[in-house]
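Written out below as structure tokens is the structure these notes cover.
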Amino acid sequence: MSKRPTASAESGKECPVNYAFTFARTPRLEFGPRRLALVPALIAGREKAQGFPFAVAALVTGGASFRAGSRYAGLVAELRSAGVRLLEFACAHEPDPDFIDASAAALLNASGGRAERIAVLAVGGGSAMDAGKAIAALCAESEAAAKRGETPPSVKNFLEGVGDRTPSGSTSWLLAAPTTAGTGSEATKNAVISKIGAGGFKKSLRHDSFVPAVAVVDAELALGCPHEVTAASGLDALVQLLEAWTSPQASPLVEAVCASGIVAFARSFERVLADGNDLEARSDMAYAAYCSGLGLANAGLGCVHALASPLGSRYPVPHGAACAALLVPATDLNLRLLRERGGEPGSRKAIAAYAAAARLLAPLSGASGRPEDGLPAALRRLVTIAGLRRLADWGMREADIPELASAAGTKTNPVALAASDYEALLHEAI
């Protein structure tokens, strides 16, 4: 493994730089205002490249926000004018298996049973884009099952920790266009599928081939997005940027991408909360979210997301709100444990990453003069400004904490955590 030393956050010590790494496939990216208007041409370009037209296109959207606006009506009119046969699916909440199974069945039937003749257009927040990924993949899996004379599978069969089958990687053509700025799902290879309540789960359908073929990031789609959604989505993006940057798997390229995303976030998060129609600020946040997706796809996530999954499967808490509630106590805990284990190269590398992020988010260092010491206070200020509800407001109880902590996956946190650590995080966040 090729490594080169670089300065760490602590004087006189060095951190290894890993120059042996893989960076996952990324979508073709169309970024900028009015880019949604390119969708009909992008479909036509794909049809020309593959040598045959699509039989049907699925337009997968989220709740009412996008559908209520003029951009939705314009997109539908342009697609129909171009001769595209549309089937529409609305995913108002995090997608569940029943929604994915039914949508894929209807779409495959409309295509004559051929997944390659299906185009999936996922326009919405993370839930809509994840639904689009899962529908596109299940169409291909169902076609293959039919050819083998088998009953069509459920998406549950392919979920990590739920099913017992591995996705083949076959999928229909997928275009993703975010209308919020948070999950970065337009850049990732996984789709999160949930069942909320007792016995619920929040698990991923994952394959390298599930990265969208095209990502259309048009910040105009987020104009008018509700304040609470804007705040929760923005903090989700920040958590992903921090967790990917401090991950043991972070490469120099991931570090650069995450730093660039945090610069954009720091410049515009407060601006976009003050004025949701500030297009420049919306563009910064869209860029930060896209960078966060690239980061998590290539370095993984940490303890905040390890807890956000069981929280989201048990209570109706929005993913970004769960991440926001856990962000400050998780950063405090990670920094304390990293300090205790500061002699380890991995610990020094993570501390250096936190210090670099602190310089971007909180230029004034902590009382000790170490930049990372000022990070928790800076994050607490951002969470306070966001004004999101706490976990107790979503139904979480103290009595639930041991079970939630035991369900937390290890993820790629910069330091190993015990169940007692996860319990402490939840006690602070509730």
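Checked against the criteria, Ser194 does not count as hydroxyl-bearing (Ser, Thr, Tyr) and under 11 Å from the mean Cα position of the chain (by Cα).
The set of residues in the stretch 156-200 that are surrounded by 24 or more Cβ atoms within 10 Å (Cβ to Cβ), in a helix (DSSP H, G or I) and not hydrophobic (A, V, I, L, M, F, W, C) comprises Ser185, Glu186. Of everything in the stretch 43-65 that is of a type in the set (A, V, I, L, M) and in contact with a Gly (Cβ under 8 Å, 6 or more places away or on another chain), the residue that is surrounded by the fewest Cβ atoms within 10 Å (Cβ to Cβ) is Ala55. Scanning the stretch 405-425 for residues that are of a type in the set (A, V, I, L, M, F, W, C), touching a residue at least 24 places away in the same chain (Cβ under 8 Å) and surrounded by fewer than 21 Cβ atoms within 10 Å (Cβ to Cβ) returns Ala407, Ala424.
Here's the yes/no breakdown for (1) surrounded by fewer than 18 Cβ atoms within 10 Å (Cβ to Cβ); (2) at pLDDT below 90; (3) under 18 Å from Ala416 (Cβ atoms); (4) under 16 Å from the mean Cα position of the chain (by Cα):
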residue: Ala286; (1), (2), (3), (4): no, no, no, yes
residue: Ala289; (1), (2), (3), (4): no, no, no, yes
residue: His305; (1), (2), (3), (4): no, no, yes, yes
residue: Ala322; (1), (2), (3), (4): no, no, no, yes
residue: Arg348; (1), (2), (3), (4): no, yes, yes, no
residue: Ala353; (1), (2), (3), (4): no, no, yes, no
residue: Ala367; (1), (2), (3), (4): yes, yes, no, no
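The single condition from (1) surrounded by fewer than 21 Cβ atoms within 10 Å (Cβ to Cβ); (2) farther than 26 Å from Ala24 by Cβ; (3) within 15 Å of the chain's Cα centre (by Cα) that Pro318 fails is (1). Of the helices (runs of 4 or more DSSP H) lying entirely inside the stretch 50-128, the ones with 1 or more residues being touching a Phe, Trp or Tyr at 6+ places or on another chain (Cβ under 6 Å) and at pLDDT 95 or above are found at 97-110.
Per the listing Ala146, Ala137, Ala122, the residue uniquely surrounded by fewer than 18 Cβ atoms within 10 Å (Cβ to Cβ) and not assigned by TED's automatic domain parsing to the domain that holds Val272 is Ala146. For the stretch 193-220, the tally of residues that are of a type in the set (A, V, I, L, M, F, W, C) and either closer than 19 Å to Pro27 by Cα or in the same structural domain as Gly312 (by TED's automatic domain parsing) (or both) stands at 9. Condition test on Thr26, is it surrounded by 14 or more Cβ atoms within 10 Å (Cβ to Cβ), among the β-branched types (Val, Ile, Thr) and part of a loop (DSSP other than H, G, I, E, B)? So Thr26 passes the test. Only residues that are closer than 15 Å to Leu425 by Cβ and crowded, with 18+ Cβ neighbours inside 10 Å were counted across the stretch 384-394, and they come to 1. Filtering the stretch 43-72 to residues that are charged (D, E, K, R) and in contact with an Asp or Glu (Cβ under 8 Å, 6 or more places away or on another chain) leaves only Arg71. For the stretch 86-106, a residue qualifies if it is touching a Leu at 6+ places or on another chain (Cβ under 9 Å), over 15 Å from Ser142 (Cβ atoms) and not aromatic (Phe, Trp, Tyr), and the qualifying residues are Leu86, Leu87, Glu88.
Report whether or not Arg339 is more than 30 Å from Phe201 (Cα to Cα), in a helix (DSSP H, G or I) and at pLDDT below 90. Yes; evaluated as a whole, the condition is true for this residue. For the stretch 232-251, does any single residue satisfy the condition of being more than 15 Å from Pro95 (Cβ to Cβ), outside the structural domain of Gly387 (by TED's automatic domain parsing) and in contact with a Gly (Cβ under 9 Å, 6 or more places away or on another chain)? Among the residues of the stretch 232-251, not one is more than 15 Å from Pro95 (Cβ to Cβ), outside the structural domain of Gly387 (by TED's automatic domain parsing) and in contact with a Gly (Cβ under 9 Å, 6 or more places away or on another chain), which makes the answer no. Flag: Val60 matches the condition of being aliphatic (A, V, I, L, M), in contact (Cβ under 8 Å) with a residue 60 or more places away in the chain and out of contact with any His (no Cβ under 9 Å at 6 or more places or on another chain).
Scan the stretch 226-274 for residues that are of a type outside the set (Ser, Thr, Tyr), outside any helix (DSSP H, G or I) and surrounded by fewer than 24 Cβ atoms within 10 Å (Cβ to Cβ) and jot them down. Residues satisfying the conditions are Pro226, Pro248, Gln249.
The values are calculated or read from the model by the stated rules, or taken from the named source; none is laboratory data. None of these values were measured; they are calculated from a predicted model. Cβ: placed from backbone, ideal geometry, glycine included. Neighbour counts: every protein chain shown.
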